[in-house]
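For reference, the structure is listed below as structure tokens.
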Amino acid sequence: MDLEKIRAAAERVARSGGLEVVDVEWKIGKQRFLRVYIDRVPKPAAVISDAAGTLGAGEIVHDPFPKISHADCERVSQQLSVILDVEDLVPGPGYILEVSSPGMDRALKKAADFERFRGRLAKITTAEPVGDAKCFEGRLAGFTNGKVRMELKGKEARTVELPLEAIRKANLVVEF
């Protein structure tokens, strides 16, 4: 099975609706599952201003973390299912296609994810120790020169830089 071809097909469908593919997973258990996680591409905030400065009343602000709807998932699922069948991208008998949002504790995979969610709380695990640790929890401070910057709390606050290739797992942490 070629997950890259499946990802490419899913990205074609997602892009047509202003969405992006976050991840594609293939799981085999009692049944075969193809999971595709989609998210809405964030729109930059637009602000209306006049000669005196920014206008408060007419300000237009877009949600920096727009939500995926059930209808988005249904549309991508229906369109992707047709492509998968026509192009025969999933060999063998029967499988279940699931299309969903990445969730509140979404995985962070690409450099752009670490920049997009700057300021959010995240938990990152590295394959090998960076400094004296393999697990880090703190605020994302962006991505520069192939490294994720993270502000850690503790007895003394500090900033660490984690090479992207050293990261084994990274997820947002849900805050209430």
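The values are calculated or read from the model by the stated rules, or taken from the named source; none is laboratory data. Bear in mind the structure is a predicted one, so any value in this text is a computation, not a measurement. Counting neighbours? That spans all protein chains shown, and the Cβs are built from the backbone with ideal geometry, glycine included.
So here's what we get for this one:
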quantity	calculated
Sole exception among (1) farther than 19 Å from Asp39 by Cβ; (2) exposed (fewer than 14 other Cβ atoms within 10 Å of the Cβ); (3) out of contact with any helix residue (DSSP H, G or I) (no Cβ under 7 Å at 6 or more places or on another chain); (4) not basic (Lys, Arg) for Asp105, by number	(1)
Boolean, Gly142 is on the phi > 0 side of the Ramachandran plot, at pLDDT below 95, in a strand (DSSP E or B) and not charged (D, E, K, R)	yes
Given (1) in contact (Cβ under 8 Å) with a residue 40 or more places away in the chain; (2) not assigned by TED's automatic domain parsing to the domain that holds Tyr37, number of the condition Leu152 does not satisfy	(1)
Filter result for the condition that a residue is modelled with pLDDT under 95, farther than 21 Å from Ala14 by Cβ and not assigned by TED's automatic domain parsing to the domain that holds Glu115, over Leu89, Leu84, Leu55	Leu55
Residue in segment 1-31 that is nearest to Phe114 (Cα to Cα), counting only those that are in contact (Cβ under 8 Å) with a residue 60 or more places away in the chain and touching a strand residue (DSSP E or B) at 6+ places or on another chain (Cβ under 7 Å)	Val22
Candidate set from segment 139-171 (those that are touching a Gly at 6+ places or on another chain (Cβ under 6 Å) and among the hydrophobic types (A, V, I, L, M, F, W, C)); member that is farthest from Arg118 (Cα to Cα)	Leu164
Subset of segment 13-35 (residues that are over 17 Å from the mean Cα position of the chain (by Cα) and surrounded by fewer than 13 Cβ atoms within 10 Å (Cβ to Cβ))	Ser16, Lys27, Ile28, Gly29, Lys30, Gln31
Test: residue in segment 130-138 that is of a type in the set (Phe, Trp, Tyr), touching a residue at least 12 places away in the same chain (Cβ under 8 Å) and in a helix (DSSP H, G or I)	no
Lone unmet requirement of (1) small (Gly, Ala, Ser); (2) farther than 25 Å from Val41 by Cβ; (3) surrounded by fewer than 16 Cβ atoms within 10 Å (Cβ to Cβ); (4) outside the structural domain of Gln31 (by TED's automatic domain parsing) for Gly138	(3)
Qualifying residue in segment 66-74 (condition: surrounded by 12 or more Cβ atoms within 10 Å (Cβ to Cβ), in contact with a Leu (Cβ under 8 Å, 6 or more places away or on another chain), modelled with pLDDT of 85 or more and not in a loop (DSSP other than H, G, I, E, B))	yes
Restricting segment 142-176 to residues that are of a type in the set (Gly, Ala, Ser) and touching a helix residue (DSSP H, G or I) at 6+ places or on another chain (Cβ under 7 Å), the residue that is farthest from Ile124 (Cα to Cα)	Gly146
